[in-house]
Structures are given as structure tokens and as C-alpha cells.
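Each remark here refers to the structure printed beneath this line.
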Amino acid sequence: SLAIGIPAVESRLVLPLEASMLARTEEPVDISGDAYGVLYVLQKDGKVIRIGNEGSTMKVSTQYADLSDDQTDLTIGYSAIAFHPEFLAKERPGFGKFYVVSAERTRSSMPDLIPEFGFGPEHHQDVIYEYQTDFPQASNFKGERREVMRFSQPGPNNNVSSLAFTQLGHLFIAVGDGADDEVDNRSPSKNASSLANVYGKVLRVDPMGRNSVNGKYGIPKTNPFQLVSNALPELWAFGLRAPLSLSC
């Protein structure tokens, strides 16, 4: 037998990197971007900071929008932002559209969705809004807002926390079970194990469709619980306490 020994060679790759500040933000909660690499930072107070390109290397940050109004519950604030993959594609259904999750004061409006377990006095409402602009490359937002779905929340924690788009335009939504610390037969934590409510789940919807109960979004035909008795067709995954940071 022949054994050949090869001495180990230690190699080091040195990259001349230098950190640079892109933007100053207050309580940032999420970040999303478009196909040209422009970034949008969502703050808890509803302000959106745009970090855009100027020239080949220069990045400039500006306030793109202030989405809050007199119904916003700023103690909880905004939690997620996602841009439709067709945001820059003219003559496509998703052109100029992005989506945010906002916390609003209790009884701001009639909710579409309520907890099955642990529902008592409403703490606040979470709302998914669609924003539409005809000028997606502008440095400041000018456009309209449309409500997509509204959740009644039993507590301040484990609420709607994350949004993520697939390239097909399906929107994933992370919804916590609404519970705080207690776990018992009356706790909102039981919501996660039931297919008859949206709490403690990941949902998959089509914002361009209109076949939901409230008529404001669509439900993809390939969702896994479509044919399950008494299950909500929006469901994609269940049994989750507090799903966070979705990515597609």
C-alpha cells in the first residue's frame, strides 16, 4: 500500500472592509426592499426610512412615509413590512404595492378575525394594510391605503409579527397565539392547536384575490387545509406560539 501525506496549508482571505452608516432610525422593527436594492426600514412609530441609490455606490436615506394616524396604538406600534415582488413591474397586479402590520386601538373597527379561546376584553387590533403608489421609485410615498384583514387581539404579546412574499405573489403571515404567560384550558395558547382560528398559525393568502370571507384577499387553491373539515382555508402551518421572521 502507498500512503501519501499532504501537508496542511493554512490560507487566509483578507478583505478590506469598512463599515458605513446608511441611516439613523428610531426603534426599527423590520426591513424590506425592492428589486433594485432600495431598502425600506419600518419603525415602531410607523415611519418608513428609504435607503436608496445615488450614483454607483452612494446610499442616501430619507423618510419615505409616516403611516400612523389617530387610530394607531403606538404603545405596540408597527411590526412588519413586505414589498410585493411585482412592486416595480408596470402593468402587473402587484405594481406599486407594499404591505404593513399596524396595531390599532381597541374597537377601532369591526374585526374580521377573533380568538377562539381566551377571548375577553379586547386589548387592541392588528391590521394588515396594503399601500399602493403609482410612482414606486419616488423618494416619498404618495398613494392610497386599503385594509386587507383585521385581527382582534386578547393581549399585547404574541400578535401578528411578520410578513413575507413568495415570487408567485403569495403572502405568508405570522400570527402568534395571543397568549401572555399563562397556559391552561382557558388560555389563548389553546388557539394554536385548533384549525378553526388563525391564531398560533402561519397563513398564506393572495392579496390580489377576493375569495376570502371578507372579500379583501384571496386564498390559494393549493393551501394544505382547503379540504379539511372545519379548518380555515388561509392556514399554512399551525401549533405555533409566536412565529417570527418569516423568509421565502
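The values are calculated or read from the model by the stated rules, or taken from the named source; none is laboratory data. None of these values were measured; they are calculated from a predicted model. We place every Cβ from the backbone using ideal geometry, glycine too, and count neighbours over all the protein chains shown. Ligands, DNA and RNA are excluded from the accessible area calculation, which covers all protein heavy atoms including side chains. Shrake-Rupley method; radii C 1.70, N 1.55, O 1.52, S 1.80 Å.
In a shell of Cβ-Cβ distance under 13 Å around LYS216, excluding LYS216 itself, what net charge do Lys and Arg (+1) and Asp and Glu (-1) give?
Taking every Cβ under 13 Å from that of LYS216, the sum is -1.
Taking the Cβ-Cβ separation of SER247 and ALA138 as r and a Förster radius of 25 Å, what is the calculated FRET efficiency to the nearest 0.05?
0.35
Give the Rg (one decimal place) followed by the Dmax (whole number) of the stretch 151-248, computed from C-alpha coordinates and expressed in Å.
13.3, 40
Which peptide among 139-152, 118-131, 166-179 comes first, and what is the full order, when sorted by highest mean count of other Cβ atoms within 10 Å?
166-179, 118-131, 139-152
Please report the carbon-and-sulfur percent of the accessible area for the chain; probe 1.4 Å, protein heavy atoms only, DNA, RNA and ligands left out.
53
Could you work out the local net charge near ASN158, counting Lys and Arg as +1, Asp and Glu as -1, over the other residues with Cβ closer than 9 Å to its Cβ?
Computed value for this residue: -1.
For the stretch 44-98, what class follows from the C-alpha gyration tensor (a ≥ b ≥ c being the square roots of its eigenvalues): rounded when a/c is under 1.5, otherwise prolate if a/b is larger than b/c, else oblate?
oblate
Just for the Cα atoms in the chain, what are the lengths along the principal axes, largest first, rounded to whole Å?
67, 64, 36
Can you work out the FRET efficiency for the pair ARG107 and ALA23, with r the C-beta to C-beta distance and R0 = 30 Å, to the nearest 0.05?
Between ARG107 and ALA23 the formula returns 0.25.
Let me check I've understood the local charge: for THR72, count other residues with C-beta under 9 angstrom from its C-beta, Lys and Arg +1, Asp and Glu -1. What total comes out?
-4
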